[in-house]
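Report on the structure given below.
Every number in this text was worked out from the coordinates using simple rules, so none of it is lab data. Only a predicted model underlies this, so the values are computations on that prediction, with no experimental measurement involved. Methodologically, a virtual Cβ is constructed for each residue, glycine included, from the backbone with ideal geometry; neighbour enumeration extends over all protein chains shown.
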Amino acid sequence: MKGLTVMKRTSRALIAIILTCCMMAACFIGVSGCSSRSTSTRRPSSSSQTQTKETGDTVTAVLTLVDTESKNMRFRTVDNYEDVLCSYNVGISVISKSGEVISASQLIEGMVCDITYDTEDRIISKVRVSTNDDVWEQRNVSNFSVDETAHEITIGKTLYTYDEKTIVFSHDKEISILELNRMDSLTVRGYKHEVVSIIVDTGHGYVSLTNASLFYGGLLDIGGLVVKSIEPNMVITVTEGTYKLEAESGEYSTTKTITVNRDELTLVSFGDVRPNVTQTGNVKFDINIDNAKLYIDNVLRDADGILTLTVGSHTVVITADGYNDYKDTISVVSGYTEYSIDMEDEEETTYEGETTTGEEETTTTVVNGETIVSTTNTVTVQGPEGAAIYFDSSYKGIAPVTFAMITGTHNITVLNGTDIATYTVNLVEGADDVLLDFSQY
């Protein structure tokens, strides 16, 4: 019995040892399995958490807004002009055209880029300055013209088209394409045959003269770039920059240094030029028709009032629609002189081999070397109402205002309160008068 008891204890001990070994083995296997799973599901590092996954649709588009503070970008696709507003995070991939990594702050409005973004979440993952073969760019463009009727832009000798949604930026502000001036310098970007964005690199401002009556009829020279006859109330469009301004009229002359800022009006006063004591006379022109235009020494004067002129010779030109031009040289003396002027109707002209008809025909006269359509065509600037209107720097009046049309490409400047802008227009002789309204710009 004692021996049997010992065997039972020994068997129990052996079983306990075997069970212990099995449990240890099972534990080892379990630990090895957990370790493997842990390695395969390890969380990404903090650096990889900020990297945006480059997925989604890629489109070629023009950047219209880059807001680095709110991390928003807006762009306009070049194929269908769709406007899209998206956000981005610090992990966005931004690449230059040459393939270098750049920051989002180096992107500017007007750039054409290939943009990858999630169409549902509207999150941009990648922006690259476009490498599309159909995208092109021209810098320092100054030899250009805009035909707003045909929606065409000529650069050098190459003709491109543009759309109403073509983007034009000046000083980070979107402007009308009609506000471009031939003296501006541009960066133009396009897609295939179409212009998609224009950036004004060097723009224009305006110069107006005050206290300049001593210089009327004389010449104004601004840096050798602008040379004009001095008229009352003139506003001159000038490329932005610093210039030497010279004015001369007979015995009077002055020189000033001026700075012209983009889209701003610079007032230049000639009040420091003192008039010489000269002998003058008063002259009145009694013209037999209304609405005649009186030019004395190539300066438009009041045809109805009494004029004070210096003693001596002066050239007189009087024009009116439907009448022959009157030209004469008068001698002004001290005191008062009145001249009676009878304007003659235009004579019908019949050329050999041609006959005239009863239909009204467009005729022209030449004033100061420019062709003026004088019968059927006028230009009316309807708005903005109350704005001062200038045609090629010459004051025309307060809108709505009508004046004779001069064919060709010209600048119309609108001074509305403190806002000033110039629009380029193409005027072509035809059957209809031209009506313009710049209130929408």
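Counting Lys and Arg as +1 and Asp and Glu as -1 over every other residue whose Cβ lies under 13 Å from the Cβ of His204, the net charge comes to -4.
Which value results when the Cα radius of gyration for region 106-265 is divided by 2.2 N^0.38 Å? Let's see the in-between values first.
On the way: Rg = 20.7 Å, N = 160, 2.2 N^0.38 = 15.1 Å.
For region 106-265, the normalised Cα radius of gyration is 1.37.
Binned at 5 Å from 0, what are the whole-percent values of the Cα-Cα distance distribution for region 169-228, short to long? Once binned at 5 Å, the Cα pair distances of region 169-228 give 4, 13, 20, 17, 12, 12, 9, 7, 3, 2, 1. Check the straight Cα-Cα distances from Lys173 and name the lysines below 19 Å, setting aside those fewer than 8 residues away within the same chain. Within reach: Lys165.
Taken one residue at a time, the phi angles of region 297-308 give Karplus couplings (6.51, -1.76, 1.60, θ = phi - 60°) of 6, 6, 10, 5, 10, 6, 6, 9, x, 8, 9, 9 Hz. Gly and Pro are set to x.
Rounded, prolate or oblate: which fits region 120-209 when a ≥ b ≥ c are the square roots of the eigenvalues of the alpha-carbon gyration tensor, with rounded for a/c under 1.5 and prolate only if a/b beats b/c? Write down the numbers at each step before the final one.
Details: a/c = 1.99, a/b = 1.48, b/c = 1.34.
Taking the square roots of the gyration eigenvalues as a ≥ b ≥ c, region 120-209 is prolate.
Cross-link check: pairs Lys244/Lys293; Lys192/Lys396; Lys228/Lys293 evaluated at a Cα-Cα cut-off of 31 Å; pairs beyond the cut-off: Lys244/Lys293; Lys192/Lys396.
Peptide packing: for 397-403, 422-428, the average count of neighbouring Cβ atoms within 10 Å per residue gives the ranking 422-428, 397-403, highest mean first.
How big is D for region 108-172, in µm² s⁻¹ as a whole number, if Stokes-Einstein is applied with the Kirkwood radius of its Cα pairs at 10 °C and 1.306 mPa s? Intermediate values should be presented prior to the final figure.
Numbers: Rh = 14.5 Å.
Here the translational diffusion coefficient equals 109 µm²/s.
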